[in-house]
Structures are given as C-alpha cells and as structure tokens.
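The values are calculated or read from the model by the stated rules, or taken from the named source; none is laboratory data. All of these numbers come straight from a predicted model, not from anything done at the bench. Note that we place each Cβ from the backbone using ideal geometry, even for glycine, and neighbour counts take in every protein chain shown.
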Amino acid sequence: MSIRSQAKINGTGATVAGAMIMTFVQGPNLNLPWTRKLGIQEQKQGEVTLQHTIIGGSMIIIGCFSWACFMILQAVTLRTYPAELSLTAWICLLATAEATTLALVMEKGNVSAWFIKWDMKLLAASYTGIFCSGIAYYLQGVVMKARGPVFVTAFSPLNMVIVAVLSSFILDEQMYLGR
C-alpha cells in the first residue's frame, strides 16, 4: 500500500475518532461569557441518554463514511468529466430528486407541507441549497481538480469545530469539553 493511501486511511480514521470523542466524552461545561447559564430545570430537559448517544455516534460514523465515499466518487468522476459546474448541477439535481422522494414518503399525504410560504424556512432552505450545496460542491470540484481530494477533505474536521463555536454564539448552546 502506498504512503498516500496510508495517509488517507489514517486521516479518515483520525476524523472518525475525533467525532467519536466529541460524541461520547462529555467534559466540564465551558462557561463562555456570551452564553447564558442554564437553570436546573433547563438542564434536565436537555439531558442526553445513552441511547441518544449511541444513535448519534452511529449517525456520525455513517456520515463520515458517506462523506469519504462521496469525495472519492467526486474525484474519480472529475478525472473523466472535467466540467465542475455541470457536475455540481447533476449532484444537486439528483439530491433534489432523492430529497423529494424521501419527503413524499415521510409526509404521506400531508398536502400542507408542500405549500410554499414566504418565511424563514424558505430563506433557510434557499440559502442551504445555493450556498451550502451548490457553491460548496463547485468549489470542492475546482480545488479537488487542482490539488486533489486529500486537500479538500483535510478541512472537513474543522467544520465540526466551526459549527460548535457558531452554535454557542447564534443558538446560545452550552459548550462542553468533548460533547
């Protein structure tokens, strides 16, 4: 096995291990000045059970594995299909078809769920679709084509840290050392 392959496997393993540590280890509360202190009643409502922790850990493992497979598939596809923008359009179109199918199954005749309302939910979905998916996939393709998939995936663990910090600012979530 080549050194590059070993580095990729070790990097994926380190990412999964870091995600598991963040999931299973709950250290002390980081009393950050911008988050409010929780009362005893609020702490009990937000308790995490062992079952939730196991399900969350399993979902993280599945997510990390799926993301690694997607990156490999995108890198292989870009070798034979060099149009990054067109590939991004195909990825988003197929994701829309999959999400629509899943929504049809989950909503089971709830017609009101399909009405478009001009509110924050529409804005959030539009922002996520345009910026978090469309532009991000395009930029990943460009960088992947120029530098390779390892360069793109090297920044994936940083996403969890950024989300944790922003959730403490925006959503006023308590941060713990670990979970």
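Among V143, V152, which is the only one that is under 18 Å from G18 (Cβ atoms), β-branched (V, I, T) and part of a helix (DSSP H, G or I)?
One residue alone meets the criteria, V152.
Which ones in segment 30-40 are under 25 Å from I55 (Cβ atoms) and either touching a Ser or Thr at 6+ places or on another chain (Cβ under 9 Å) or modelled with pLDDT under 55 (or both)?
Across segment 30-40, the qualifying residue is only L30.
Of the conditions (1) part of a helix (DSSP H, G or I); (2) more than 24 Å from R79 (Cα to Cα), D172 satisfies every one except a single condition; which number is it?
(1)
Please identify the pairs in which a residue from segment 128-147 that is farther than 18 Å from V76 by Cα and in contact (Cβ under 8 Å) with a residue 40 or more places away in the chain has its Cβ atom under 7 Å from the Cβ atom of a residue that is assigned to a helix (DSSP H, G or I) and hydroxyl-bearing (S, T, Y), counting only partners at least 6 apart or on another chain.
Going by the 7 Å Cβ cut-off, the qualifying pairs are G134/T88.
Filtering segment 108-127 down to residues that are assigned to a helix (DSSP H, G or I) and of a type in the set (F, W, Y), which residue is surrounded by the fewest Cβ atoms within 10 Å (Cβ to Cβ)?
Ranking the candidates gives W114 first.
Going through segment 75-88 one residue at a time, which ones are in a helix (DSSP H, G or I) and touching a residue at least 40 places away in the same chain (Cβ under 8 Å)?
A75, L78, E84, L85, L87, T88
Given I91, I62, which one is of a type in the set (V, I, T), in contact (Cβ under 8 Å) with a residue 24 or more places away in the chain and part of a helix (DSSP H, G or I)?
Result of the check over I91, I62: I91.
I'd like to check something: does segment 137-146 contain any residue that is loosely packed, with under 11 Cβ neighbours inside 10 Å and closer than 30 Å to A14 by Cβ?
Within segment 137-146 (the criterion being loosely packed, with under 11 Cβ neighbours inside 10 Å and closer than 30 Å to A14 by Cβ), the answer is yes, since at least one residue qualifies.
Do we have I130 as within 17 Å of the chain's Cα centre (by Cα), of a type in the set (V, I, T) and either closer than 23 Å to C69 by Cβ or not in a helix (DSSP H, G or I) (or both) here?
Answer is no for this residue.
So if I check each of I3, I61, which one is surrounded by 11 or more Cβ atoms within 10 Å (Cβ to Cβ) and either under 20 Å from V150 (Cα atoms) or modelled with pLDDT of 80 or more (or both)?
Selected residue: I61, the only one of I3, I61 that is surrounded by 11 or more Cβ atoms within 10 Å (Cβ to Cβ) and either under 20 Å from V150 (Cα atoms) or modelled with pLDDT of 80 or more (or both).
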